[in-house]
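Peer 1: This structure is in structure tokens; I'll ask about it shortly.
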Amino acid sequence: MAQRITVDPLTRIEGHLRIDAEVKDGKISKAWSSGQMWRGIEVILQGRDPRDAWLFTQRICGVCTTVHALASVRTVENALGLEIPINAQYIRNMVIALHTLHDHIVHFYALSALDWVDVVSALKADPVKTAALASSLSNWPGNGVKRFAAVKAKIKALVDSGQLGPLANGYWGHPAMTLPPEANLMAVSHYLEALDYQRKANQAIAIIGGKSPHIQNMSVGGVTTAINLNNETTLNMERLYWMKQLMEEVRGFIQQVYLPDVIAIGALYKNWLAYGAGVTNYLAVPDMVLNTAGTEFDLPGGTIMNGDFSTVKLITSFHDKYFRDNVKESIAHAWYDGDWSRHPYEEDTVPRYTDFQDDGKYSWVKAPRFQNQPMQVGPLAQVLIGYASGHELTKKYVDDVLARISTVAGTEVGAAALQSTIGRHAARAIRAAMLADLGLKHWQLLVDNIGRGDLEIFNPPTFPKGEQRGFGFHEAPRGVLSHWIVINDGRIKNYQCVVPSTWNAGPRDKQGRPGPYEASLVGNPVADAQRPLEILRTVHSFDPCIACAVHMLDPEGREMIKVKAV
Amino acid sequence: MPRQCSADLAPLSRRDFIKACTTVAAALGLSDSLIPRMAAAAAAPDRPPVIWLHFQECTGCTESLLRASHPDLARLILDLISLDYHETLMAAAGQQAEDNLINTITKYDGKFICVVEGAIPTKDGGIYCKIGDRTAMDILAATAPHAAAVIAIGTCASFGGIQAADPNPTGAVGVRDLLKGKTLINIPGCPPNPINFLGTVLHYLTYKKFPALDKLNRPMFSYGRKIHDQCERRPHFDEGRFVETFGDSYHRKGYCLYKVGCKGPESFSNCPVVRFCDVGAWPVGTGHGCIGCTEPKFWDTMSPFYERLPGIHIPGSGQGIVVGAESAGKKILAVTGAAIGIHAAVGLGKRLVKGGKKEKRED
């Protein structure tokens, strides 16, 4: 007999997510994914000024703020064949690096740590032993006895108040929560410190972006961050050095707290290296561009098929035909009119809600496909593609992290094991370490270029009569983001966004092949159907960022059990 | 239907409540001795319970609180309020999360603050946003009437926001269009400066009432004056010194951004004064015009964002201290009238002028 579990809403993500799972013999046997919210931003964009598109699209998401802004300006520039000044590339790259640092830190600590860390167990921890554990992992100055005692007292005061607030009704004491109390207390302390360091990353973004969330310094043709070392209102030495200091502080947190925590938690939960692989086709795009033409990058992108690293094929420019010609979206199971599978330029967005149909349409999320295959996107995809293609910086951090996990776990952990629920967390931390280094590199590139007297930030766009088509991509914190535009007589005729969480959270396609969330849940253990913590672990490992929900259907003829909490 | 999610809001009896506390305490692995304390907290909570509802939104407003420093997020949710329901931050999920929602509505009927982030789609029965099988409309209707007050955070919850932009495919509206007879505070902005939300909450925590509001239910301390009237670049406007295009020499001198689309003259907000992220930054400060994000319908009335606002009186006498800019100022004086005509022709400028008049203050 199969048992059905519904998690709705699936919390600690962006957007409204619903997960249903069919559990047989203590393991998930089947999974469906379905979005439940639609806002119609692609429809709203039609007929508007293409220069305004980035301001609209950035509002698709406030968690991955900046990413739709960047993809949008790149898209319009691609349609116009417009190159932007190198200073503008460096400024955009610093936004990319800093936003990634904020995002990966927040994802690990605020959004997913509570799947692995039992806050209530931390009340049993000995602060002295906690400090010993923490200092065996890193030299972080915050890992002292007094700090851990204060954090423990803070948790106790909260529990004693009778008002547990956001901690109420968590899966505390769950049998799958297996960290020792000291590891839990250390993680709670770092959870609180993470709030300070993600803020520093945002402060640095605000210095060049005007504010955060939702930066306001982009423009089709470059950036609006005026550079003048001899003016008090522009990007000058004081502003630049403030950024650098903040970036260095955040890098310190990544190196001394985030990476060691992921290594420790990953090693202590090493059984989760065997769950959650799901779709093992990977797609990433290159980013941190190094020239005005968009042909050289600090981070590689490409594809790997069927988990076979030898199949790696690179995507090499902003005009890459391998990428441009192979993306399609299927709406066979999504609430739009028709059952087509189309290239984004040819898509339309006509909603047609049918309610939940087991064998028909069940989601607002479209199902993107690359060369007609489902693909997993995100930090894991980028790290594996970098590793498989011999990218030096990726190899350095992957080898280091795998060696340290192997030491703590007491068993050899290879790169193939990254294809798992825990592996996605490790890959995200590795990517954060790379971007902390690259952010500072691009800061130096900008400062050096300014020193050569180049203050250019903007090439004004002009919109010719007739039709232009363009696409732009960005390797966002959650993976491959692409925007696609058709411009006619200077107005938007069609605009489509194919977002990372669409790649990962999409429903089945016409052939019935599940998307990555759906596939990754199959085989996961479920110890307590009343409290399906394991579902949260695997879905959170993708870092869902969707204004949507996920469903799973009960197969015909099987008994459906409604699971309710006691 | 896979699962019922009805909000049975009948008040719990005391016995039921103690039973609920016992269950929670057991689930948490806590001592029974805490149960009386949990019951006491429910009767007279030290920290006001807050239910935070997310509808058609991007979570940018919640994200803005991650950037706040005084108070910071940890202090806010652990020391000042009790954030009982918040999809992005709460530990609980699924049934346990929905139980938290219903428990708080029941236990603190008439006492909790309801914060709404995001617009509410009303077209086609509200099917464009569903959580736990209920539409956003249903959830708002089951929650907000039980609150002591409702705070709409962001332009979406205040006025409908981006999804309400023409042609508003989902019939999105703000809370004010659906909720009547309840104290409602609007904190618009895309997202709003967290200072504006936090200042309002701190005022309430301190004085048990909300600060003075304008006609759009926005706190006066945040939305009492136009950006234009507080802008550090205002002297350049007054003297007729304008940026002609991004990256030009005037841009590098920090001149007024009116000609490259700044909507500060029609936008009420404290951005130039409080700034963002504690680094003295704000959009105009980094060389980009204001887009008017605190105003109703700004996605339609303030766009195209890179075209100048029509109907703005330029006081510049052309007597600016910078020679190059003097002529720029004279040019703008001459073309303003023509610009109004262009905007009226596309139908956007017209609406803006109308909207601007409606929002005129009495002060």
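The values are calculated or read from the model by the stated rules, or taken from the named source; none is laboratory data. No experiment lies behind these values; they were computed from the predicted model shown. Note: ideal-geometry Cβ built from the backbone for every residue, glycine included; neighbour counts use all protein chains shown.
Peer 1: Take the conditions touching a Pro at 6+ places or on another chain (Cβ under 7 Å) and at pLDDT below 95 and apply them to B:His203. Does it pass?
Peer 2: The answer is yes for B:His203.
Peer 1: Follow-up question, since we're still on this one. Can you tell me which residues in the stretch B:212-229 are within 16 Å of B:Ala152 (Cβ to Cβ) and part of a strand (DSSP E or B)?
Peer 2: B:Leu213, B:Pro219
Peer 1: Considering only residues of the stretch A:60-90 that are more than 21 Å from A:Gly470 (Cβ to Cβ) and modelled with pLDDT of 95 or more, which is nearest to the chain's Cα centre (by Cα)?
Peer 2: A:Tyr90
Peer 1: Restricting to the stretch A:317-340, name every residue that is surrounded by fewer than 19 Cβ atoms within 10 Å (Cβ to Cβ) and at pLDDT 95 or above. Give the derivation first.
Peer 2: As a first pass, look at the stretch A:317-340 and keep what is surrounded by fewer than 19 Cβ atoms within 10 Å (Cβ to Cβ): A:317, A:319, A:321-322, A:325-326, A:337-340.
Within the stretch A:317-340, A:Ser317, A:His319, A:Lys321, A:Tyr322, A:Asp325, A:Asn326 meet the criteria.
Peer 1: Report, by residue number, each residue of the stretch A:221-248 that is facing another protein chain (nearest Cβ under 9 Å), aliphatic (A, V, I, L, M) and either surrounded by fewer than 19 Cβ atoms within 10 Å (Cβ to Cβ) or within 30 Å of A:Leu80 (Cα to Cα) (or both).
Peer 2: Passing the criteria: A:Val223, A:Ala226, A:Ile227, A:Leu235.
Peer 1: Let me ask something else. Please give the number of the condition A:Pro379 fails out of (1) crowded, with 24+ Cβ neighbours inside 10 Å; (2) farther than 17 Å from A:Gly278 by Cα.
Peer 2: In the conditions (1) crowded, with 24+ Cβ neighbours inside 10 Å; (2) farther than 17 Å from A:Gly278 by Cα, A:Pro379 misses (2) alone.
Peer 1: Moving on. Listed residues B:Gly94, B:Gly118, B:Gly132, B:Gly174; which is within 24 Å of A:Ala110 (Cα to Cα), among the small types (Gly, Ala, Ser) and modelled with pLDDT of 90 or more?
Peer 2: B:Gly118
Peer 1: Considering only residues that are farther than 10 Å from B:Leu78 by Cα and touching a Ser or Thr at 6+ places or on another chain (Cβ under 6 Å), look in the stretch A:148-166 and name the one that is farthest from the other protein chains (Cβ to nearest Cβ).
Peer 2: Looking at the filtered set, the residue picked out is A:Phe148.
Peer 1: Among what's in the stretch A:61-86 and is under 30 Å from A:Asn488 (Cα atoms) and within 10 Å of chain B (Cβ to nearest Cβ), pick the residue that is surrounded by the fewest Cβ atoms within 10 Å (Cβ to Cβ). Spell out how you get there, then give the answer.
Peer 2: Of the residues in the stretch A:61-86, the ones under 30 Å from A:Asn488 (Cα atoms) are A:61-62, A:64-86.
Checking which are within 10 Å of chain B (Cβ to nearest Cβ) leaves us with A:61-62, A:64-65, A:68, A:85.
On the way: A:Cys61: 29, A:Gly62: 24, A:Cys64: 27, A:Thr65: 29, A:His68: 27, A:Pro85: 20.
Looking at the filtered set, the residue picked out is A:Pro85.
Peer 1: Go through the stretch B:202-260 residue by residue and tally those that are under 30 Å from A:Ile84 (Cα atoms) and not assigned by TED's automatic domain parsing to the domain that holds B:Asn270.
Peer 2: 0
Peer 1: A further question follows. So for the stretch A:412-425 (the condition being assigned to a helix (DSSP H, G or I) and under 30 Å from B:His251 (Cα atoms)), does at least one residue qualify?
Peer 2: No: zero hits.
Peer 1: Scan the stretch B:276-304 for residues that are within 20 Å of B:Phe221 (Cβ to Cβ) and surrounded by 24 or more Cβ atoms within 10 Å (Cβ to Cβ) and jot them down.
Peer 2: B:Phe276, B:Cys277, B:Trp282, B:Cys290, B:Gly292, B:Cys293, B:Thr294, B:Glu295, listed by residue number.
Peer 1: If you scan the stretch A:368-392, which residues turn out to be of a type in the set (A, V, I, L, M) and over 19 Å from A:His474 (Cα atoms)?
Peer 2: A:Ala388
Peer 1: Something else now. For the stretch B:81-111: of the residues being more than 7 Å from chain A (Cβ to nearest Cβ) and touching a helix residue (DSSP H, G or I) at 6+ places or on another chain (Cβ under 6 Å), which is farthest from B:Arg176 (Cα to Cα)? I'd like the intermediate steps shown before the answer.
Peer 2: Step one: list which residues in the stretch B:81-111 are more than 7 Å from chain A (Cβ to nearest Cβ), which gives B:81, B:85, B:98, B:101-111.
Now restrict to residues that are touching a helix residue (DSSP H, G or I) at 6+ places or on another chain (Cβ under 6 Å): B:85, B:105, B:107, B:109.
On the way: B:Tyr85: 22, B:Ile105: 21, B:Lys107: 26, B:Asp109: 21 Å.
Out of the qualifying residues, it is B:Lys107.
Peer 1: Of the conditions (1) in a helix (DSSP H, G or I); (2) modelled with pLDDT under 95, A:Gln198 clears all except one; give me its number.
Peer 2: (2)
Peer 1: Quick check on the stretch B:165-184: of everything there that is surrounded by 24 or more Cβ atoms within 10 Å (Cβ to Cβ) and away from chain A (no Cβ under 14 Å), which residue is nearest to A:Ile44 (Cα to Cα)?
Peer 2: B:Gly174
Peer 1: Determine which single condition B:Asp214 fails, assuming it passes every other condition in (1) in contact with a strand residue (DSSP E or B) (Cβ under 8 Å, 6 or more places away or on another chain); (2) free of Cβ contacts under 8 Å to residues at least 60 places away in the same chain; (3) not hydrophobic (A, V, I, L, M, F, W, C).
Peer 2: B:Asp214 satisfies every listed condition except (2).
Peer 1: Out of A:Asn139, A:Asn93, I need the residue that is crowded, with 24+ Cβ neighbours inside 10 Å and either within 12 Å of chain B (Cβ to nearest Cβ) or over 21 Å from A:His425 (Cβ atoms) (or both). Which one?
Peer 2: Of A:Asn139, A:Asn93, the one residue that is crowded, with 24+ Cβ neighbours inside 10 Å and either within 12 Å of chain B (Cβ to nearest Cβ) or over 21 Å from A:His425 (Cβ atoms) (or both) is A:Asn93.
Peer 1: Is it the case that the stretch A:482-500 has a residue that's at pLDDT below 90 and over 20 Å from A:Val67 (Cβ atoms)?
Peer 2: no
Peer 1: So A:Trp484 ticks every box in (1) of a type in the set (Phe, Trp, Tyr); (2) under 15 Å from A:Ala53 (Cα atoms); (3) outside any strand (DSSP E or B) but one. Which box is left unticked?
Peer 2: All conditions pass for A:Trp484, except number (3).
Peer 1: Select the strands (runs of 3 or more DSSP E) contained entirely in the stretch B:57-164, then report the ones holding at least 2 residues which are surrounded by 19 or more Cβ atoms within 10 Å (Cβ to Cβ) and hydroxyl-bearing (Ser, Thr, Tyr).
Peer 2: Hits in the stretch B:57-164: B:82-86.
Peer 1: Have a look at B:Asp278, B:Asp238 and point out the one that is of a type outside the set (A, V, I, L, M, F, W, C), within 10 Å of chain A (Cβ to nearest Cβ) and either more than 21 Å from B:Pro71 (Cα to Cα) or part of a loop (DSSP other than H, G, I, E, B) (or both). Spell out the reasoning first.
Peer 2: Working: B:Asp238 fails: within 10 Å of chain A (Cβ to nearest Cβ).
Selected residue: B:Asp278, the only one of B:Asp278, B:Asp238 that is of a type outside the set (A, V, I, L, M, F, W, C), within 10 Å of chain A (Cβ to nearest Cβ) and either more than 21 Å from B:Pro71 (Cα to Cα) or part of a loop (DSSP other than H, G, I, E, B) (or both).
Peer 1: Please state which of the following conditions A:Asn184 fails to meet, knowing it meets all the rest: (1) in contact (Cβ under 8 Å) with a residue 60 or more places away in the chain; (2) polar (S, T, N, Q); (3) facing another protein chain (nearest Cβ under 7 Å); (4) over 30 Å from B:Gly261 (Cβ atoms).
Peer 2: (3)
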